[in-house]
Amino acid sequence: MTDSPTAPSPAAPATDLGARYGRRPGGYRRLVVSGVVLAVALVAWLGWTAVRVGDPEISYQDVGFSVISDGQAQITFRVRFAGRVPAATRAACTVQAQNVLHTEIGRKDVTVGPARERRVQVTAQLPTSERANSVTVTGCALL
């Protein structure tokens, strides 16, 4: 005779695991409440991020540049201050000149503002170490 494992008969009564091991009341409710709290926090964070990223405090746009000489260039750019920035706020914008090989040949920080004029057009000259091929604004930050 061989002893082989036998499968449980289909007629065997199903065991209730809750009755056997006990249940903790409110487990499902706690899961639902946690999920709702996380969903509300996620929606709040997404809304805050959309407002902050969607309307930056300061933005800029290059208008044009000209090469004055082999050692000097000029750039014109616009700066826009957001409505929530205090009127006395100033900004610093960094302008950069590059040569034909895209090597930096000049850099200057230009102060812009005050922000009581929400849109400001600025023209700045910067010295260069050789003839410039392009001049751009690389960034602006509130002071």
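The values are calculated or read from the model by the stated rules, or taken from the named source; none is laboratory data. Small disclaimer: the values here were computed from a predicted structure and weren't measured. All Cβ positions, even for glycine, are placed from backbone atoms using ideal geometry, and neighbour counts span all protein chains on display.
Which pairs do you get when a residue that is free of Cβ contacts under 8 Å to residues at least 40 places away in the same chain, found in region 55-77, comes within reach of a residue that is among the small types (G, A, S), reach meaning Cβ atoms under 9 angstrom, with the pair 6+ apart or on two chains?
Pairs found: D55/A82; D55/G83; P56/A82; S66/A73.
Where residues in region 12-61 are of a type in the set (S, T, N, Q) and not in a helix (DSSP H, G or I), which of them is modelled with the highest pLDDT? Talk me through it step by step, then tell me what you get.
As a first pass, look at region 12-61 and keep what is of a type in the set (S, T, N, Q): 15, 34, 49, 59, 61.
So of that shortlist, the ones also not in a helix (DSSP H, G or I) come out as 15, 59, 61.
On the way: T15: 67, S59: 91, Q61: 95.
Once the filter is applied, the top-ranked residue is Q61.
Is there any pair with a first residue in region 116-129 that is touching a residue at least 24 places away in the same chain (Cβ under 8 Å) and a second that is of a type in the set (D, E, K, R) and surrounded by 12 or more Cβ atoms within 10 Å (Cβ to Cβ) whose Cβ atoms are under 6 Å apart and which are 6 or more apart or on different chains, and what are they?
Matching pairs, first to second residue: R119/R80; Q121/R78; L126/K108.
Any idea which of (1) touching a residue at least 24 places away in the same chain (Cβ under 8 Å); (2) outside any strand (DSSP E or B) is the one V135 doesn't satisfy?
If we test V135 against (1) touching a residue at least 24 places away in the same chain (Cβ under 8 Å); (2) outside any strand (DSSP E or B), just (2) comes out false.
Just to be sure I understand, how many residues within region 57-105 are more than 18 Å from A124 (Cβ to Cβ) and surrounded by 13 or more Cβ atoms within 10 Å (Cβ to Cβ)?
Of the residues in that region, 5 qualify.
Can you name every residue in region 62-85 that is of a type in the set (A, V, I, L, M) and at pLDDT below 80?
Initial filter on region 62-85 (of a type in the set (A, V, I, L, M)): 63, 67-68, 73, 75, 79, 82, 85.
Hit for region 62-85 is V85, nothing else.
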